[in-house]
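Report on the following structure.
Rule-based calculations on the coordinates, nothing more; no lab input. Just so it is clear, the model here is predicted, and its values are computed rather than measured. Note that each Cβ is placed from the backbone with ideal geometry, even for glycine, and that neighbours are counted across all protein chains shown.
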Amino acid sequence: MSNQIYFTPGPAQTFYSFEQHLKNALREDVPSISHRSIEFQKIFQFTTEKLKELLNIPEQFNIYFTGSANEIWERIAQNLIINSSHHLVNGSFSKKFYDIAKAYQLDSTIEEVSLGNPFSLSIPIETELIALTQNETSIGFNFPENEISSIFECKNDHTLLAVDAVSCTPSVNLDFNLIDTAYFSVQKGFGLPAGLGVWLVNEKCHEKAIQKQSLGHSIGSYHSLPTLKKFADKHQTPETPNVLAIYLLGKVAQDMLYRGAKQIQNDTLYKSTIIHQAFEEMDWVDPFIKQSKYRSRTVAVGELKGISSSDVISKMKEKKFVLGSGYGSFKESHIRIANFPTHSKEQTELLVDTLKTL
């Protein structure tokens, strides 16, 4: 096996117990289990129960499995928006959700701010859904929990709040009493191979999907909310899912519960702090996000001075650390360092010490 440590922001370093769970799954023939079997129903139920416990998800929420988090953008557009949504955009991934809404010819609006700056939170009164990205992976922007609370307090009762939690779960404590729907994928915070999206949906969302359908609108087919709920109530999925990925997610969530969500979140804050402090101390890199409260706790982004990301990545790889380059137009001017539960405090401290020797 490679002795390199992947601090890439996704796919990321696999969780420390992944290999053992994979061996157990193969020994138990999990990849061959029918998705209509009792064995799969037990896997589905186990995984959803562990996720609800780990993330402190209220009982009224349902958990559905999709092919990716990107797919969920489209499912939200199909099921939860009749006319318009409002998108808070400050990076590439939040912008992609807006682009999908426009592709569905929705009358959606956008508040796009300069990268790393806060939002004014001026939300159109008629909007049906507010979309925000809690952790913008492309630039390392953190949407503070108190500002999510502000949106909840000022929005209309009919307006749904959708949160992209792709690279913050389970390292950031989200209050699901403020959120109507959230979603993430498993190749970042859960340290698993890509190929599974997780969609969290409350009752208001189900009511909206039924309302939209009753008005004669299409809400999709096999992954419409009524169909997903019909099968989830039986601990099943509409289609043949990635049974192995659902099994592994449940096992990793259980391992995280042994450690405790609060401990994971405290460790995440400590590791984020020492990475950003290192950025501030070194003369060849600065934190890209200038205000500390808006800095991501799970993806630290450094703005390089007089050196390219490929040079830094190459030097660090020689020392067994694999970092991420900048996203999109920032490919050569940024480095991105993941800070997920699989990264121990000791590994992160060693990473920081190594960066300081460059």
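Going through the cross-link list Lys262/Lys317; Lys293/Lys320; Lys188/Lys345; Lys251/Lys331; Lys204/Lys230, which pairs have a Cα-Cα distance over 25 Å in this structure? Those over the limit are Lys262/Lys317; Lys293/Lys320; Lys251/Lys331.
Work through the residues other than Leu121 whose Cβ is under 11 Å from its Cβ and net out their charges, Lys, Arg +1 and Asp, Glu -1. Net charge around Leu121: -2.
Averaging the sequence gap over all C-alpha pairs within less than 8 Å and six or more residues apart, then dividing by the number of residues, gives the chain a relative contact order of 25 percent. Cβ-Cβ distance of Asn146 and Val322, R₀ of 41 Å, FRET efficiency by 1/(1 + (r/R0)^6): the value works out to about 0.75. Overall size of region 164-253 from C-alpha positions, given as principal axis extents largest first: 41, 32, 19 Å. Summarising the overall dimensions of region 141-213 from its C-alpha atoms, the Rg and Dmax are 13.6, 39 angstrom.
In straight-distance terms, cross-link reach from Lys290 covers every one of the lysines whose alpha-carbon lies under 17 Å from its own, apart from those fewer than eight places away in the same chain; here that gives Lys305. Note on region 159-238 and region 81-153: Cα centroid distance 17 Å, given to the nearest whole angstrom.
The Cβ shell under 15 Å around Lys320 holds other residues with a net charge of -1, Lys and Arg each +1, Asp and Glu each -1. Hey, how much of the P(r) for the chain falls beyond 32 Å, as a percent of Cα pairs? That fraction is 32 percent.
Assuming charge only on the beta carbon of Lys and Arg (+1) and of Asp and Glu (-1), the dipole of the chain about its Cα centre is about 740 debye to the nearest 20.
The sum of -39500 (n - 2.57) across all DSSP H runs of n ≥ 4, divided by the residue count of the chain, sets its helix-only mean residue ellipticity at 222 nm to -12500 deg cm²/dmol.
Test of understanding: in a Gaussian network model of the chain with alpha carbons linked when under 10 Å, which of Gly306, Gly250, Gly189 would top the mean-square fluctuation ranking? Highest fluctuation of the listed residues: Gly306.
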